[in-house]
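Quick notes on the structure that follows.
The values are calculated or read from the model by the stated rules, or taken from the named source; none is laboratory data. No experiment lies behind these values; they were computed from the predicted model shown. Quick reminder, even Gly has a Cβ in these numbers, built from the backbone with ideal geometry, and neighbours come from all protein chains shown.
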Amino acid sequence: MQNILIGNGVTIQFGGKEYFNDRIIKRAINNINTKDFPSEIYPREVKDWLFYLHSIIPGVVNGQYDKYTNTLDMKKSLTFFIERYKGIANKAKVHQIGFEDYFLLNFLVCNKEKIVNPDRFNIKESLRLFFIDSIYNNSKIQEIHRNYPKDFIAFLKEFENLFTTNYDWNIEKATDRTVQYLHGSFHQLAEVYNPESFRNKLSDSPYKDTNINNKFIHLYSDALTTYSGNDKKFVLEQPIQANVALEKFNKGLKEKPEIWKEVNDWKSSDNKILRNLAESIQLKSNDESLSVLENRSLYDLSKVNGEISILGLSVFNDNHIFDAINNNIEISKVKYYYFSPIEMDAVMNTFNNKDIEFKDVKDFWKRFS
């Protein structure tokens, strides 16, 4: 079986420099400066917050925030951050920092200042929307497939399974094939904004209080961005785990109906989480076909077999994806398109139990010029 994993390098190849990290950050800032953004969806103050996060980088690199990491993954991410920026911490401009690194800085500040939900969630969400809106680039990114040469489209169609870390629908539009979006997509509504979702069947449906602006539908999508691969994996696995839990409750209540008394007591609990859990269990019991929306693309990647080609994606990002490939014993070979030879050692260390074939991506793109 032939599989392919596609990253932002393909977007840059056919969409140009507009999708480099620095352009994404500069455009996000400019959107605020020119008031070309939906202020009812995310606030202009997010730009000020970005510059504040940028201002703490020297302190972060000097170890002043080490004690504000609260998970092993965050500690590892902080170590990697320090290694990358220690030589330029005092001179790097705001757009020279990886935009996803700002999510790590945001977590550190929230931990230090003891910022808790809902403020903590709202700050992170504003930062996410700020960048997602810039990547969307007034929908221009969705039109990049029009630049694909016919031979490149034919190349894509050779693969049985198409995976991408990109949010745009270009691969799907070009091939007219199903694409697995590992980090969500601009055109898939998030659970809370989907009127037909399980979450919105609960009595405290968030959709009821949301006035969706269809001009900015991408800002209601499930496009996922955060500071580490493991954090993304955690977000992706939450709906799957919720469905497993609901299935177990449903089965348990069939086998021991007397448990219903305890579940019914939760309905009047002072704890909102317990009330919602009771209502969710009741919904599942009434209609077993109901389930929380899942993005199973990472799971599916871990189950494919044969060979996988990796195009336009750096091995230094998204470790959760590369771990899924390396841990999948059914994948026998990895074909990696490298931009720089320095990637090769990292690729060999990452896929330490796979047959690896290296391809120079610059030579590859010459085929379509």
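Pairs please, first residue from segment 345-369 and in contact (Cβ under 8 Å) with a residue 12 or more places away in the chain and among the acidic types (Asp, Glu), second anywhere and surrounded by fewer than 16 Cβ atoms within 10 Å (Cβ to Cβ) and not in a helix (DSSP H, G or I), Cβ atoms under 9 Å, 6+ apart in sequence or on different chains. Filtered contacts from segment 345-369: Asp355/Ser332; Asp355/Lys333; Glu357/Lys333; Asp360/Phe339; Asp360/Pro341.
Taking the listed residues Tyr85, Tyr42, the one that is under 30 Å from Ser185 (Cβ atoms) and hydroxyl-bearing (Ser, Thr, Tyr) is Tyr42, with no other qualifying. Using beta carbons and a limit of 7 Å, which pairs, at least six apart or on different chains, have the first residue in segment 169-193 and at positive phi and the second one crowded, with 21+ Cβ neighbours inside 10 Å and acidic (Asp, Glu)? Close Cβ pairs satisfying both conditions: Gly184/Asp222.
Scanning segment 174-205 for residues that are in a loop (DSSP other than H, G, I, E, B) and of a type in the set (Val, Ile, Thr), we see that the one that is surrounded by the fewest Cβ atoms within 10 Å (Cβ to Cβ) is Thr178.
When we screen Leu162, Leu129 for residues that are in contact (Cβ under 8 Å) with a residue 24 or more places away in the chain, outside any helix (DSSP H, G or I) and aliphatic (A, V, I, L, M), the only hit is Leu162. Note on segment 65-124: residues that are surrounded by 13 or more Cβ atoms within 10 Å (Cβ to Cβ), outside any loop (DSSP other than H, G, I, E, B) and hydrophobic (A, V, I, L, M, F, W, C) amount to 14. Any residue at all in segment 193-208 that's of a type in the set (Ser, Thr, Tyr) and modelled with pLDDT of 95 or more? Yes, some residue in segment 193-208 is of a type in the set (Ser, Thr, Tyr) and modelled with pLDDT of 95 or more.
Of all residues in segment 53-64, those that are free of Cβ contacts under 8 Å to residues at least 12 places away in the same chain and not in a loop (DSSP other than H, G, I, E, B) total 2.
Inside segment 225-262, can you point out the residues that are over 34 Å from the mean Cα position of the chain (by Cα) and either surrounded by 15 or more Cβ atoms within 10 Å (Cβ to Cβ) or assigned to a loop (DSSP other than H, G, I, E, B) (or both)? If the condition is that a residue be over 34 Å from the mean Cα position of the chain (by Cα) and either surrounded by 15 or more Cβ atoms within 10 Å (Cβ to Cβ) or assigned to a loop (DSSP other than H, G, I, E, B) (or both), then Leu253, Lys256 are the ones that fit. If you scan segment 1-52, which residues turn out to be within 21 Å of Glu125 (Cα to Cα), in contact with a Ser or Thr (Cβ under 8 Å, 6 or more places away or on another chain) and in a loop (DSSP other than H, G, I, E, B)? Hits for segment 1-52 are Tyr42, Pro43. Considering the conditions (1) farther than 21 Å from Asp133 by Cα; (2) of a type outside the set (D, E, K, R); (3) surrounded by fewer than 17 Cβ atoms within 10 Å (Cβ to Cβ), Thr210 is excluded by exactly one of them, (1).
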